[in-house]
Amino acid sequence: MEEYRDPKLAMQLSREIHRITTRPWVLMEVCGGQTHAIVKFGIDQLLPKNIELVHGPGCPVCVTPLELIDRAIAVASRKDVIFCSFGDMLRVPGSDQDLFSVKAKGGDIRIVYSPMDALALARKHPEKQVVFFAVGFETTAPANAMCVYQAKREGIGNFSVLVSHVLVPPAIEAILSSKGNRVQAFLAAGHVCTVMGYMEYFPLVERYKIPIVVTGFEPLDILQGIHMCVKQLEEGRHEVENQYIRSVSKEGNAHARDIIKEVFSVIPRKWRGIGEIPHSGFGLSPSYKGFDAEERFVLKDIHTQECSECISGLILQGVKKPDQCPAYGKQCTPDHPMGATMVSSEGACAAYYRYRRFEEVPK
Ligand code: SF4
């Protein structure tokens, strides 16, 4: 990746952003991966003082509601279940415990690297119910959809999925239409657009008159995405532009979108710390409902209140920064996380703690 981390080119882009900036602008990077790159490489420190980067909701682990973690814990605690998940969900705190604690008490929880691994376990253990925790944005949806499709084709009756899929464009719209919104341009997440393309952003750009630039994850990608946003803002334009041309086309990946459409329907979803956003998630479509773990294990009666001290909802909407949370680095650390944004490898609080915790906190 060295070519995308060239310091000379980075400084050139930084100088160019300084040159064209004439007034204050607030930009949001949507994805937690971009947040980590910004904080790790100090990209925000290369920008003019009047350009503020705020961190968006694009960390799937962070926005999975507490209620769903509690439902996962309930099903993973059952003796008849093998519960499969990506590793980053295991330490996300539920109301009383996390999935790691369930595993420590003897729960059969397996870390998998693909949903197909969970399906293989279901084939191998017909005497058990195998449940896969299908979490993520549009990026992980095609593989998760494929495993449900495959389970149906093979008639694997002991397999189900606990779905928590969320979608980027409705989240951007929720931020833009919220009362306290300060965001004037977005760096959209390049990997999401690799799957979905960027057609969905044209109506948003028209409705809210804001630039959206599809952006990658390396330092030069992000600096170039910022440059494209600032240029539009300074010139009074609002367009969808694609910085991440080496991966993203306007239409995205047609095969991936087809399998998503086959298995999932768009539904309202709750976002941790934010609340319910209409049309903001995927749920299993009626012909795949038989694979829904929430229905199979009657989990919908589990309702949970979010922790009132954690301000991750405000962080995920770009209203606050992690170091403005009173618990940051004190009661809340990666060893004792109070919220998912401190646990997740893509969480903004974790990024600040990892790369910035010895810096002076701005007043
Ligand atoms: S520092 Fe901890 S308590 Fe504060 S917002 Fe982040 S995760 Fe929540």
Inset, instruction - Find the lysine pairs in segment 1-136 meeting two conditions, Cα atoms under 21 Å apart and a separation of 8 or more places or different chains, and report how many there are. - result: 10
Inset, instruction - Treating the angle as unsigned and between 0 and 90°, give the value, to the nearest 10°, between the Cα long axis of helix 219-235 and the longest Cα principal axis of the chain. - result: 60 degrees
Inset, instruction - Taking the dipole about the Cα centre of the chain, with the C-beta of Lys and Arg at +1 and of Asp and Glu at -1, give me whichever of CYS325, HIS303, VAL166 is farthest to the positive side. - result: CYS325
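Carbon and sulfur atoms: what percent of the 1.4 Å accessible area of the chain do they account for?
Here it works out to 53 percent.
Sum -39500 (n - 2.57) across every DSSP H segment of at least 4 residues in the chain, then divide by the residue count to get the 222 nm mean residue ellipticity, nearest 500.
On the way: 16 runs with 142 residues, N = 363.
Taking each H run of at least 4 residues, the total per residue is -11000 deg cm²/dmol.
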Legend entry - Nearest-ten-degree value, helix 254-263 long axis tilted from longest Cα axis of the chain: 40 degrees
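Please work out the average accessible area per residue across segment 1-55, using the 1.4 Å probe convention, and give it in Å².
On the way: 2920 Å² over 55 residues.
Accessible area per residue, segment 1-55: 53 Å².
Run the numbers on segment 72-227 and let me know its relative contact order in percent, using alpha-carbon pairs under 8 Å that are six or more apart. Don't skip to the answer; put the middle values down first.
Working: 202 pairs, mean separation 27.3, N = 156.
Here the relative contact order equals 17 percent.
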Inset, instruction - Counting only heavy atoms of the protein chains, get the accessible area per residue of segment 208-321 (1.4 Å probe) and round it to a whole Å² value. - result: 47 Å²
Inset, instruction - For segment 110-182, state which chymotrypsin sites (Phe, Trp or Tyr not before Pro) are in a DSSP loop and have at most 11 other beta carbons lying within 10 Å of their beta carbon. - result: TYR113
Inset, instruction - Based on alpha-carbon positions alone, could you give the equivalent ellipsoid semi-axes of segment 149-260 from the gyration tensor, as √(5λ), descending, whole Å? - result: 32, 17, 12
Legend entry - Dipole magnitude of segment 247-363 about its Cα centre (Cβ charges: Lys, Arg +1; Asp, Glu -1), debye to nearest 20: 280 debye
Inset, instruction - Pop out the ³J(HN,Hα) list for segment 177-191 in order, Karplus 6.51 cos²θ - 1.76 cosθ + 1.60 with θ = phi - 60°, rounded to Hz; leave Gly and Pro as x. - result: 8, 7, 4, x, 4, 10, 6, 10, 7, 10, 8, 6, 7, x, 6
Inset, instruction - Check the straight Cα-Cα distances from LYS270 and name the aspartates and glutamates below 12 Å, setting aside those fewer than 8 residues away within the same chain. - result: GLU67, GLU306
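What is the sum of charges, Lys and Arg at +1 and Asp and Glu at -1, for the other residues whose Cβ falls under 11 Å from the Cβ of ILE17? Kindly include the intermediate steps, with their values, before the conclusion.
On the way: positive: ARG15, ARG19, LYS231; negative: GLU16, GLU234.
Here the count lands on +1.
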Legend entry - Accessible-area value, MET1, 1.4 Å probe, nucleic acids and ligands omitted, Å²: 130 Å²
Inset, instruction - Run the quick spin-label model on LYS79 and LYS209: label points 7 Å from Cα toward the beta carbon, then report their separation in nm to one decimal. - result: 6.5 nm
Inset, instruction - List the aspartates and glutamates whose Cα lies under 16 Å from the Cα of LYS321, skipping any in the same chain that are fewer than 8 positions away. - result: GLU29, ASP44, GLU52, GLU309, GLU346, GLU359, GLU360
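Hey, can you rank 295-308, 266-279 by average C-beta count inside 10 Å, highest first? Don't skip to the answer; put the middle values down first.
Working: 295-308: 13.1, 266-279: 17.9.
Output ranking for 295-308, 266-279: 266-279, 295-308.
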Legend entry - Between 0 and 90°, nearest 10: helix 66-76 axis offset from the chain longest Cα axis: 30 degrees
Legend entry - Radius 15 Å from Cβ of VAL168, net charge of other residues (Lys, Arg +1; Asp, Glu -1): -3
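Please work out how much length the chain gains when fully extended from ARG23 to PHE358, using 0.36 nm per residue of separation minus the C-alpha to C-alpha distance, in nm with one decimal. Numbers along the way, then the final one.
On the way: separation 335, 0.36 × 335 = 120.60 nm, distance 3.02 nm.
In short, 117.6 nm is gained.
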Inset, instruction - Please sort by residue number the trypsin sites (Lys or Arg not before Pro) in segment 60-113 whose DSSP state is loop and whose Cβ has at most 10 other Cβ atoms within 10 Å. - result: LYS79, LYS105
Inset, instruction - Taking only Cα atoms and a 10 Å spring cutoff, compute GNM fluctuations for the chain and point out the largest among GLU241, GLU67, GLU251. - result: GLU251
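The values are calculated or read from the model by the stated rules, or taken from the named source; none is laboratory data. Treat the numbers as computed from the prediction; the structure is a model and nothing was measured. Note that each Cβ is placed from the backbone with ideal geometry, even for glycine, and that neighbours are counted across all protein chains shown. To get the accessible areas, we keep the full protein, side chains included, count just its heavy atoms, and leave off ligands, DNA and RNA. Shrake-Rupley method; radii C 1.70, N 1.55, O 1.52, S 1.80 Å.
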